[in-house]
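Heads up, the thing below is written out as structure tokens.
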Amino acid sequence: MTKTALSRPSLLHLLLPLLLLGQTAAQVLLTGRCPKIHPLKNFQPKRFLGRWYEIERFFVSYEGLAGTCWVENYLYDPHRGHYTRLDWKDRLSGKILSIENGITHNKHEPGRLRFVLQRPSIPFLQGEYIILATDYSTFALAWQCDNLPLGVSHTEILWLLSKRQHPSSDTIHHAKKLAHGLGLDINRLQKQDRSNCPP
């Protein structure tokens, strides 16, 4: 199965449903403002490098429309700095597509990451998410929350990631217990289809 960099027309085709639906309809919408949850203390970006498989997540319409087998690769290059490459299997063609995000770590809270879409370059596609918990070898919890205008509602995405394509039930239970302890609604997590995914 070949991997293909996502072309600009393909990206626009991917994002069109999201733009039509509107960002609030594309994610979990909750009342009130984002809860105050801090990133993992003493997060170590170098230890976090590598391949992270998406095991469960909150509803995100554009991921479901685009395909399956989502993988977040955390990478470092001396010239580019830290960046991520997001790989997934296209629902129609079965090919592995990818996009790259430049990331910067907050100086005071390294677990708080800013991202901007770099390849293809669409600078207005940017945002922030935080690493809530990880043991760097089996699981990680990443969370994004955005307040909507007027402060009466917000959107959330929680990702349960693993260094293993098929983590143990104990690993998943432990990660969910941590997320629940932070006040997040783990009942909104949806198991992702990892059947017939490339290794």
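The values are calculated or read from the model by the stated rules, or taken from the named source; none is laboratory data. Note that the coordinates shown come from a computational prediction; the quantities given were computed from them, not determined experimentally. Positions of Cβ are backbone-derived with ideal geometry, glycine not excepted, and every protein chain shown enters the neighbour counts. Calculation scope for accessible area: heavy atoms of the full protein, side chains included, ligands and nucleic acids excluded. Shrake-Rupley method; radii C 1.70, N 1.55, O 1.52, S 1.80 Å.
Scanning segment 176-187 for residues that are surrounded by 15 or more Cβ atoms within 10 Å (Cβ to Cβ), over 17 Å from the mean Cα position of the chain (by Cα) and outside any helix (DSSP H, G or I) yields a total of 1.
I'd like to verify a number: residues in segment 67-85 that are touching a residue at least 40 places away in the same chain (Cβ under 8 Å), under 19 Å from PRO120 (Cβ atoms) and not hydrophobic (A, V, I, L, M, F, W, C), how many? Adding up the residues that qualify gives 1. Each residue in segment 106-124 was checked for being more than 20 Å from LYS36 (Cβ to Cβ), touching a strand residue (DSSP E or B) at 6+ places or on another chain (Cβ under 6 Å) and in contact (Cβ under 8 Å) with a residue 60 or more places away in the chain, and 1 of them qualify.
Looking at segment 69-101 only, could you name the residues that are open to solvent by 30 Å² or more (accessible area, probe 1.4 Å) and farther than 23 Å from LYS46 by Cβ? Those that are open to solvent by 30 Å² or more (accessible area, probe 1.4 Å) and farther than 23 Å from LYS46 by Cβ: LYS89, ASP90, ARG91, LEU92, SER93, LYS95. Inspect all residues belonging to segment 164-175 and state whether any of them is hydroxyl-bearing (Ser, Thr, Tyr) and under 18 Å from the mean Cα position of the chain (by Cα). No - not one qualifying residue is present in segment 164-175. When GLN165, GLN190 are checked against the criterion of being within 23 Å of TYR83 (Cβ to Cβ), of a type outside the set (A, V, I, L, M, F, W, C) and either touching a Lys or Arg at 6+ places or on another chain (Cβ under 7 Å) or surrounded by 14 or more Cβ atoms within 10 Å (Cβ to Cβ) (or both), GLN165 stands alone in meeting it. Among the residues making up segment 49-68, those that are surrounded by 19 or more Cβ atoms within 10 Å (Cβ to Cβ) and of a type in the set (A, V, I, L, M, F, W, C) are TRP52, ILE55, PHE58, VAL60, ALA66. Among the candidates ARG164, ARG194, the residue that is farther than 23 Å from GLY111 by Cα and assigned to a loop (DSSP other than H, G, I, E, B) is uniquely ARG194.
Might you let me know whether segment 8-24 holds any residue that is at pLDDT 85 or above and among the basic types (Lys, Arg)? Looking through segment 8-24, none of the residues is at pLDDT 85 or above and among the basic types (Lys, Arg).
Against the conditions (1) more than 17 Å from the chain's Cα centre (by Cα); (2) under 14 Å from GLN44 (Cβ atoms), LYS107 satisfies every one except (2).
If only residues of segment 75-104 that are acidic (Asp, Glu) and within 15 Å of the chain's Cα centre (by Cα) are counted, the one that is farthest from ASP146 (Cα to Cα) is ASP87.
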